[in-house]
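Here's the structure, in structure tokens; my notes come after.
The values are calculated or read from the model by the stated rules, or taken from the named source; none is laboratory data. Being a predicted model, the structure only gives us computed values, none of them experimental. Cβ atoms come from the backbone with ideal geometry, glycine included; neighbour counts cover every protein chain shown. For the accessible areas, the whole protein counts, side chains as well, though only heavy atoms, and no ligand, DNA or RNA atoms are used. Shrake-Rupley method; radii C 1.70, N 1.55, O 1.52, S 1.80 Å.
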Amino acid sequence: MRMTYTSDLWWKNAVVYCLDVETFKDGNGDGIGDFRGLTQEIDYLAGLGITCLWLMPFYPTPNKDDGYDVTDFYSVDPRLGTLGDFVEFMRTAHDRGLRVIADLVVNHTSDQHPWFVESRSGRDSPRRDWYVWSDTPEPNPKEVVFPDKEDSVWEHDPHTGQYYLHTFYRHQPDLNVANPEVRDEIARVLGFWMELGLSGFRVDAVPFLIENVSPELADPHDFLAELRAFMTRRKGGSVLLGEVNLEYDQLLEYFGDGLGDQLTMCFDFVAMQRAWLSLARRDAGPLASALRERPEPPKDCQWAMFLRNHDELTLDKLTEDERQEIFAAFGPDKDMQIFGRGLRRRLPPMFGGDERRIKMAYSLLFSLPGTPVLFYGEEIGLGEDLSAEGRMAVRTPMRWSAEGGFTQAERPVRAMPDGPNVADHRRDNDSLLRWIQLLIERYRESLELAWGDHTVLDAGDPAVLAHRCDADGATIVAVHNLDDRECEAELDLTGLERCVLTDLLVDGTVKVPGSGRVRLPLDPYGCRWLRVSAPEVSPEDASVKAQ
Ligand code: GLC
Ligand code: CA
């Protein structure tokens, strides 16, 4: 292994697992998930093979936006435990070799945060300038983020007669990062949690966070570079994983164009949305074109890949017709759709529970260039609860056993619809859980996937996505059939003539013919990862060489 492939750059081939402490496991029987419960399940997570946990906000909160409305950045929501419980959890995670990152939600606070209470107390409050105030409601952006609840990003404050900016809900006033005191405080928050062991942060709503930073700094991006430099000074290898839902040309800036000194990883919302379009159409084209267009991140940075997360499946980067195609395929009922741009569903029900298709989709996720990010429950095929409000539909408690197993309490914090569970999946060697475990194992062993150069290949059949990853003379080829018919991929592997392709997920080998063109049969929704090994040397060749 070359020095460049060291674990210093651990995020390059990490497997990130996002969970909400509140819905993962209840350790004290009050019906609410907590750090004690989560700590009990660290061995489960380590056994799954994931390498990094991403904790959704666990800070004190009035919970009007599921914790993304924070009232104290320096402590733990008492419903989830104490700081002491947090530290015990961190110790256990580290002991099992897991890193932990957490949501950093500093674009805004809750309107109940003491800073905002102070800021709105009077125009001459010392903290007035910690938020963004204006005498008039300035022009609104084209679209507000939550059109079902808000029609403006400015809210009138009767007490002081001014308007404050809230990019999201009106109870989430935006912090004024143009104020150097606010920027210092944000750095202090990072420093605090890093001291308690965090390896970094998933940064919420990054474009909004930095949009008001100028004219203080020459370039708003300097703020991200400052934060990253601060973190690296404190602890090398700390990461920022950014939520930046923008087109590729704009996205590159968030890594720190060329330098890679800002966000370490950015979620690839573009490839995610085109992947769904491909899945809906059973046509690899849209995803293939996204992967071909996608720029290389700067050295040492990485894309983060996901299919679903805790929010709506946003389809905002597609055209109206494309969005409607996906709605028709995967969320035809109005009740499944949200904000006019997305679906409040989890993946398995979108595929009607078809296990072959579900398994293929995750195989695709793990084989695509970029660090895979799972949302808790994806490994057991957890479904959604459409009776829950809005995006809460996909945030139901984790199911550990047939009875639920999330809590001993009679009434869990959130309704727990029937569904799959960990215990059943563990007993069944063909389960989705076992499949995800296998994918993680193979992905971790196959450094080409994370580190290599990626090429999308012509596959000779529109339903097949074929790609290869090459690093240091080693190659993996992956083929995925997005349709439910048998098909055959025909790949041009010139340069790999007579090499042997060994299946990594199932038994099987294929020899590349002398022509370099290889045919790979695929089952309906079939997927294969193939490792290339050097041509077999026949006994005659060997004896010729020996002479
Ligand atoms: C991000 C989060 C979302 C939250 C919003 C406001 O988009 O992913 O869940 O509601 O920010 O903090
Ligand atoms: Ca509890």
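Summary table below
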item: List VAL132, VAL270, ordered by accessible area with a 1.4 Å probe, largest first; result: VAL132, VAL270
item: Pairwise centroid distance, computed over Cα atoms, of the range 472-499 with the range 297-326, Å; result: 25 Å
item: Value of D in µm² per second that Stokes-Einstein yields for the range 288-366, Kirkwood Rh from Cα pairs, at 10 °C (1.306 mPa s); result: 111 µm²/s
item: Accessible surface of the range 114-165 [probe 1.4 Å, protein heavy atoms]: carbon and sulfur percent; result: 51 percent
item: Residues of the range 178-318: accessible area per residue with a 1.4 Å probe, Å²; result: 34 Å²
item: Relative frequency of Cα-Cα separations exceeding 17 Å in the range 285-429, percent; result: 67 percent
item: Cut-off under 5 Å, modelled amide H: who pairs with THR475 long-range; result: VAL532
item: Accessible-area order (highest first, 1.4 angstrom probe) of the listed residues THR509, THR82, THR167; result: THR509, THR82, THR167
item: In sequence order, calculated HN-Hα J values of the range 519-524 (Karplus, 6.51, -1.76, 1.60; Hz; x Gly/Pro); result: 9, 10, x, 10, 5, x
item: Scattering profile of the range 218-372 at q = 0.16 Å⁻¹ [log10 I(q)/I(0), Debye over alpha-carbon scatterers]; result: -0.90
item: The chain: relative contact order as a whole-number percent, Cα under 8 Å and 6+ apart; result: 12 percent
item: Whole-angstrom gap from the range 356-374 to the range 121-162, using each part's C-alpha centre; result: 41 Å
item: Point-charge dipole on Cβ atoms (K/R +1, D/E -1) for the chain, about Cα centre, debye to 20; result: 1180 debye
item: Percent accessible area from carbon and sulfur atoms, the range 452-540, protein chains only, probe 1.4 Å; result: 47 percent
item: Lys/Arg +1, Asp/Glu -1 at C-beta; the range 452-540 dipole; positive extreme among GLY508, VAL479, LEU491; result: GLY508
item: The range 202-290 - charge dipole about Cα centre, Lys and Arg +1 at Cβ, Asp and Glu -1, debye rounded to 20; result: 560 debye
item: For the chain: Kirkwood Rh in Å [reciprocal of mean 1/r, alpha carbons]; result: 24.7 Å
item: Helix-only [θ]222 nm of the chain, DSSP H runs n ≥ 4, -39500 (n - 2.57) each, per residue, nearest 500; result: -8500 deg cm²/dmol
item: Per residue Cα convex hull volume in Å³ - calculated over the range 114-165; result: 86 Å³
item: Relative contact order computed over the range 114-165 (Cα-Cα under 8 Å; 6+ residues apart), in percent; result: 36 percent
item: Using alpha-carbon coordinates, inclination of helix 432-445 to the longest axis of the chain, degrees; result: 80 degrees
item: Cα long-axis angle, helix 269-281 against the chain (0 to 90 degrees, to the nearest 10); result: 50 degrees
item: Distance between the range 378-449 and the range 239-292 - C-alpha centres, whole angstrom; result: 26 Å
item: Subset of LYS334/LYS359; LYS12/LYS317; LYS235/LYS299; LYS64/LYS149 violating a 22 Å alpha-carbon distance limit; result: LYS334/LYS359; LYS12/LYS317
item: Per-residue SASA entry for LEU530, accessible area with 1.4 Å probe, Å² rounded to 10; result: 0 Å²
item: Per residue solvent-accessible surface (Å²) - the range 452-540, probe of 1.4 Å; result: 45 Å²
item: Selection from ALA459, SER446, CYS469 lying farthest towards where the dipole of the range 423-470 points positive, charges on Cβ; result: SER446
item: Largest-first principal axis extents of the Cα set of the range 452-540 (Å); result: 44, 27, 24
item: Accessible surface, the range 114-165, averaged per residue in Å² (probe 1.4 Å); result: 59 Å²
